[in-house]
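Worksheet: the structure to be examined is printed underneath.
The values are calculated or read from the model by the stated rules, or taken from the named source; none is laboratory data. Everything numeric here is computed off the predicted structure, so don't read it as measured data. Here Cβ is always computed from backbone atoms with ideal geometry, including for glycine, and neighbour counts include all displayed protein chains.
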Amino acid sequence: MKIADTSNQDVVIKKKSKFNQWAVIAGICLITLSLAAWQIVPAASNWSQADISIPQKRVRIGEITVGDFTRDVSVQGRVVAAVSPTIYAPAEGTITFSVDAGTKVSKQQLLASIDSPELTARFEQEAAGLLDLQTGLERQRILAKKQFLIDKKAVDLAKVALTTAEREKRRADLGYEKSAISQIDFEKAQDDLANAKLQYEHAVDDARLAKESAEFEIKSLELQIKRQTSLVNELQRQVDALQVRSPVNGIVGNLNVENKTYLAKNQPILMVVDLTQFEVEVAIPESYADDLAIGMDVDIKFNRNQYAAQLITISPEIIENQVTGRVRFKEKSPAGLRQNQRLNSRILLEQRTQVLQVPRGQFLDSSNGKFAYVLNGDIAEKKAILTGARSLGSVEILDGLQAGDRIIISGTDRFKNANKVLLTQ
């Protein structure tokens, strides 16, 4: 049996000429050279225009936009108690503490006692003086009543004598008309009446004067008692203050003196910290002092959350190039705050809308905000600009740029003040 071969399936291929192969190679080379020229010629043109070249990945580019602008300043804050009264010694004496540092106390709880023999003795002395004046007043009132009765008796007797003299005068008049009495007896009756009238008038005047004198003495004693009462009440307050009590609910801070120490008047004893109300004390750079105002909004960052607050006080003096301010939370203080804890705060100095702005960068320091490098393709061209207000993240553009422009916002010191810079890939 004869096995068939594959000769019937073979195809005869004609040999290509060398001319066609060289034509294809030449065409490919021509296309490659054209593409290279298309890319190299513009690049060469850019190279010829630029004064210096910088890799684009080494610069940051920002776009000019129009939007809301918030001018702010970031400062470090320290948590302080809003209420932390320091208690001072009300008088000289030896102190005995009833609590230790760090003890939680409630309002009006006894913290310490001060033994002041001098103050106690003076209080007792003045209290005794007040009692003596009160006794003297009662005595004077009794004497005034007694004198009133004596004077009333004298007036009544004088009145009776006057009535008798008037009656005798009438009898003498009738007797004289009938010649029943002598001229001497008649004149004596007249003299007796005049004397009785004089005695009565003097008795009335003496009684009135004695009453006025008694009322004056009583009023004088009452004024002395009032003055002495005020003095005793003040001393009583000072004696009560020897029992030192907490003015707020809180925790006892550091004790300023040792137990059983003899204190001078007005010497600091201890501090009570109210842990329910906290504020933040911030140190603001001097350059922002003129922009600050009480009532400005403040954002405080704590535990990855933002809390609204308000600037409530500004120190009138500058210490170590800083102004001290106090910030209070608008709502209740967040839980977990601790005394002297450090917090980041952002004070909102100004808020405006429709402001031409660009992201803030080191180009401001390099050019002092007087020029920027504006991108036109791969070329960054130096251009004069005018900047305005600055915030933590943006800077206001007043002149020289428009919305949509792209500029280099990273540092431009490396450009060596070149007018044009080529950004290479």
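For region 230-259, a tally of residues being among the hydroxyl-bearing types (Ser, Thr, Tyr) and either surrounded by fewer than 17 Cβ atoms within 10 Å (Cβ to Cβ) or modelled with pLDDT under 90 (or both) returns 1. Within region 296-305, no residue satisfies the criterion of being modelled with pLDDT of 90 or more and surrounded by fewer than 12 Cβ atoms within 10 Å (Cβ to Cβ). Only one entry of ALA91, ALA161, ALA112 meets the criterion of being part of a loop (DSSP other than H, G, I, E, B), touching a residue at least 24 places away in the same chain (Cβ under 8 Å), crowded, with 16+ Cβ neighbours inside 10 Å and not acidic (Asp, Glu), and that entry is ALA91. Note on region 205-239: residues that are closer than 30 Å to SER113 by Cα and touching a Gly at 6+ places or on another chain (Cβ under 7 Å) total 1. Looking only at residues in region 115-124 that are surrounded by 12 or more Cβ atoms within 10 Å (Cβ to Cβ) and not β-branched (Val, Ile, Thr), the one that is nearest to ASN233 (Cα to Cα) is PHE123. Just give me the residues in region 376-393 being in contact (Cβ under 8 Å) with a residue 24 or more places away in the chain and in a loop (DSSP other than H, G, I, E, B), in sequence order. Matches in region 376-393: GLY377, ASP378, SER391, LEU392, GLY393.
Taken over region 246-269, the criterion of being in a loop (DSSP other than H, G, I, E, B), among the hydrophobic types (A, V, I, L, M, F, W, C) and under 24 Å from ALA81 (Cα atoms) is satisfied by VAL248, VAL257. Per this entry, GLY388 is not counted among residues that are farther than 30 Å from GLY102 by Cα, surrounded by fewer than 17 Cβ atoms within 10 Å (Cβ to Cβ) and more than 44 Å from the chain's Cα centre (by Cα).
Scan region 135-145 and give yes if some residue there is assigned by TED's automatic domain parsing to the domain that holds THR261, farther than 18 Å from GLN228 by Cα and touching a helix residue (DSSP H, G or I) at 6+ places or on another chain (Cβ under 8 Å), otherwise no. The answer is no; no qualifying residue exists. Contact map, region 270-288: residues that are part of a strand (DSSP E or B) paired with residues that are among the hydroxyl-bearing types (Ser, Thr, Tyr) and buried (at least 21 other Cβ atoms within 10 Å of the Cβ), Cβ distance under 8 Å, separation 6+ or inter-chain. Pairs shown: VAL272/SER246; VAL280/SER345; VAL282/SER345.
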